[in-house]
Amino acid sequence: MVMAMEKPVFFPLLFLLTLLMAFLLVKPSNQLDLPQTQSLLRIQQYLNFPPALNSLKNDDTDFCNIEPTSFFTVVCYENDITQLHIIGNNEFPPLSQDFSIHSFFTALAKLNTLKVLSLVSLGLWGPLPGAIGHLSSLEILNISSNYIHGAIPTQLLHLRDLQTIVLDHNNFSGPVPFWLNSLPMLTVLSLKHNLLSGSLPNSLGSLRNLRVLTLSENKLSGSIPNFRKLTNLQVLDLEDNQFGPNFPSLPRKLVILKLRKNRFRLGISANITSFYLLQKLDISMNEFVGPFMPSLLSMPSISYLDISGNKFTGVLSENMTCSSGLNFVNMSSNYLVGKLPSCLVLPPKDGVVLYSGNCLLSDHDKQEQRQQHPVEFCHKEALAVEVIPRREKPKIPNNKPVLAPTLAGGIVGAIAVVGVVSMLVKKKYGKYTLKKPTTTLITERVSTVNTAKLLSNAKHISETMKLGASLPAYRTFSLEELMEATNNFDDSAFMGDSPNGQLYRGKLCDGTLITIRSLEMKRRRSPQAYTRDLEMISKLRHCHLISALGHCLECQLDDSGVSRIFLVFEFSPNGTLRDCISGTQGLKLNWTQRIAAAIGVTKGIQFLHTGIVPGVYSNNLKITNVMLDHNLHVKISSYNLPLLAENRGMASNVVSSTTKGSGQDRVKHEDKNDVYDIGIILLEIILGRPIMFYKEVDSLKDLLRVSIATDDTGRRSIVDPAVHKQCSDESLMTMMEICMRCLSSEPADRPSVEDILWTLQFAAQVQNSGRGESMNSQESHGSLS
């Protein structure tokens, strides 16, 4: 009985004791080793024992199980500290006078298993010690809002797993380190509100994993490296520096772009409207010029747009569209005219629209309307010129500054011209060397050019915009860019002289090949006197024209008159049309390609006549001025503009329509002068031999007339032997007949450009459907149309 009564007491106790022992055996220990414990206690001591760290009592404290707060958090993994967050507040007393940042980070270095370290608003001061490099496992470093100064230490190179660096709101100085690209895992780099200076290293452009780059509120300057390869970059904040003057090359997946308060003074890149993820764009408080792009308002993801404090021009209209998510727009202090778009008149709920300081019309906001300028104000161009002070020293020949006004080519409305003068000395063989003397800023007002009126009568404006859409925006080039592109105008870049100036071949920093035409002005005029001419050049954009990409002006020191103009054009690598027809070596065009080339030339002339008002006539067209690009598309490289005519010397004895007919006829039938020149090009296309002098044309025209009257064999006997078996009889006859009509002695008897184009297209059609080459043959050799 007694034994039976004791069992229920003994076995339950034994069972509980066994469970307790098992629990004690398997319970993991979060106790830190002594060096880590001592490091935490020393950190508490160096921070002057702040109340927020009272949980660090003594060596017996279970540091890994301390309750986390918004000021202090420790995270452990397998008895090692992996995260340490100390965020300062009012409970943190000032550091003692004998505080040593070196001792502080030496204690931190004992925590070599740290992956995340946050030391924010603790009042840390002194240079960042090299001991930071002992935290070899560190992935995230945030020591923002302290007083750390000096250069960013190279010991960060040892932290190969570092993914995030946040050093905001300190006093770091010196350049942004060039070695940051040696941290392959870096995704966030934030260095805002420091004293960093100098230009950005090109190596930043190779941080392929970078997602956030914040460098705002420093003293950084110069051009921004090419960031186009940073395909993961989502946030770029360069606000409040001295970057410029060129708009940077950027990746298309940006979400936030802030370039506010810098020294950008050229146009913005047109491809920014293709940034389909862009939500916030702030380019305010710069000197951006050129046409405001309405498509900025309708980018698919845009919600915040600030272009205020620039010199954008153009005409706004009520029917412009806006993105549905757009809730903040600031267009204040520009040179915009027209009416506020209706989508901005009634913005979304809680939306903000600011547009004061322009010349806009709106009945919606009376206060904003009262702060508008008269339309005439926005029709004036502002010219800012840095003038080199006169110094008493021996005279140097051709000592000239360079004026680089920015022209808003192809826009509707007034334009703003902004210039920067540098010192240059022209040396033998046309090479240039820059000097940098002290400068003084002078601002002048110049008269307006009403481009709205100029463009309002254009016959083919929509076609103009479409055909020039693939080209980069017309812009101002600095002399430094042109010197770099041509290796200081080296002899190897010199292509030769022409009646329209010296030609140089160049290569821009983005790899674009260019041709630079250097025009020495025979008559000194002020920079603003060339505004209309340059504006005209900027609008002539067509797939069959060598189009201008920009310009740079060179000015005299004594009177600020323009002495030289550099025009930057596309580069066509495959030589001239003559090279491919009557040249002695290289590529030779077949018959189908020759017809296509003639069609291309005619389309180019048609655009010059009708693509803009007033039209451009009497272009002195020559086959040597018809170039071929890498796709064998023909492009006319020289046309009759007042700017080029001023620089043009005496006419050469090379064939030109200006030598044919009376002066009265040339004025009355100015469009037919180009028709005559087309006829000479057709003649060379058919005969396959160069025509060098005018006296040859009449005799060759007589030969052509006789051949037309004979049979097929007789006609083919005068055709270029390289193609005489390729052309169908009807195609050849059509080409000969239109050539004869173009070469008529009486301008009134010559066909219109439209007639020529129709006839050439008919010749191409019958060639492809007749006895000549098949379409497959045409495709295999490339088409020129």
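The values are calculated or read from the model by the stated rules, or taken from the named source; none is laboratory data. All figures in this text were calculated on a predicted structure; none of them were measured in a lab. Cβ atoms come from the backbone with ideal geometry, glycine included; neighbour counts cover every protein chain shown. The accessibility values were calculated without ligands, DNA or RNA, using every heavy atom of the protein model including side chains. Shrake-Rupley method; radii C 1.70, N 1.55, O 1.52, S 1.80 Å.
Ligands, DNA and RNA are left out, and with a 1.4 angstrom probe the accessible area of the stretch 66-113 is 53 Å² per residue. Once the Cβ-Cβ distance of Asn232 and Lys725 is raised to the sixth power relative to R0 = 45 Å, the FRET efficiency obtained is 0.20.
Once backbone amide H atoms are built at 1.01 Å from N, Leu545 has Ile636 as its partners under 5 Å, excluding neighbours fewer than 5 places away on the same chain.
Note on exposure: Arg228, Arg716, Arg263, Arg594 ranked by accessible area (1.4 Å probe, complete protein assembly) read Arg263, Arg228, Arg716, Arg594, with the most exposed listed first. Coupling constants for the stretch 303-311 follow from the phi torsions by the Karplus curve (6.51 cos²θ - 1.76 cosθ + 1.60, θ = phi - 60°), and in residue order they are 10, 9, 9, 10, 10, 5, x, 10, 10 Hz; glycine and proline get x.
For Ile256, Ile302, the ranking by accessible surface with the largest value first comes to Ile256, Ile302, using a 1.4 Å probe. Of all DSSP bridge pairs formed entirely within the stretch 472-571, close to 95 percent run antiparallel. When the surface is traced with a 1.4 Å probe over the full set of protein chains, Cys64 keeps roughly 20 Å² accessible.
Counting charges near Val176 (Lys, Arg +1; Asp, Glu -1) among other residues having Cβ under 13 Å from its Cβ returns a value of +2. Cross-link pairs exceeding 23 Å in C-alpha to C-alpha distance, out of Lys539/Lys635; Lys253/Lys507; Lys603/Lys695; Lys229/Lys539; Lys588/Lys725, comprise Lys253/Lys507; Lys603/Lys695; Lys229/Lys539. Within the shell of other residues whose beta carbon sits under 12 angstrom from the beta carbon of Ile756, the net charge comes to -2, with Lys and Arg scored +1 and Asp and Glu -1.
Taking every Cα-Cα distance in the stretch 288-381 and sorting them into 10 Å bins from zero, the calculated P(r) comes out as 18, 55, 25, 2 percent. Spatial offset of the stretch 466-535 relative to the stretch 114-162 amounts to 48 Å, using the alpha carbon center of each. Taking a sphere under 14 Å around the Cβ of Val116 and counting the other residues whose Cβ falls inside, with K and R at +1 and D and E at -1, yields a net charge of -2. Note on Arg525 and Ser103: their simple-model spin labels are 7.6 nm apart, each label 7 Å out from Cα toward Cβ.
Sparsely packed loop sites in the stretch 75-168 (the trypsin sites (Lys or Arg not before Pro) outside DSSP H, G, I, E and B with at most 14 other Cβ atoms within 10 Å) comprise Arg160.
Residues whose amide H comes within less than 5 Å of that of Phe172, counting only those at least five positions distant or on another chain, are Leu195 (H built at 1.01 Å from N in the peptide plane).
For the stretch 691-760, the Stokes-Einstein estimate of translational diffusion at 4 °C and a viscosity of 1.567 mPa s comes to 99 µm²/s, using the Kirkwood hydrodynamic radius over alpha-carbon pairs. Calculate what fraction, in whole %, of the accessible area of the stretch 288-381 sits on carbon and sulfur atoms when a 1.4 Å probe is rolled over the protein chains. Answer for the stretch 288-381: carbon and sulfur cover 53 percent of the accessible area.
The residues of the stretch 288-381 expose, per residue, 44 Å² of accessible area to a 1.4 Å probe. Which one of Leu513, Ser563, Asn487 is farthest out on the positive end of the charge dipole of the stretch 472-571, using unit charges on Cβ (Lys, Arg +1; Asp, Glu -1) and the Cα centre as origin? Most positive-ward Cα: Ser563. Per-residue Karplus couplings for the stretch 583-592, computed as 6.51 cos²θ - 1.76 cosθ + 1.60 with θ equal to phi - 60°, are listed in order as x, 7, 8, x, 4, 10, 7, 7, 5, 4 Hz, Gly and Pro entered as x.
Note on the stretch 472-571: Cα-Cα pairs beyond 21 Å make up 32% of the total pair count. Averaging Cα coordinates gives a centre for the stretch 33-89 and one for the stretch 220-240; these two points are 38 Å apart. Sequence-ordered 3J(HN,Hα) estimates for the stretch 595-611 from the Karplus curve with 6.51, -1.76 and 1.60 and θ = phi - 60° stand at 4, 4, 4, 4, 4, x, 4, 5, 5, x, 5, 4, 5, 4, 7, 10, x Hz, glycine and proline given as x.
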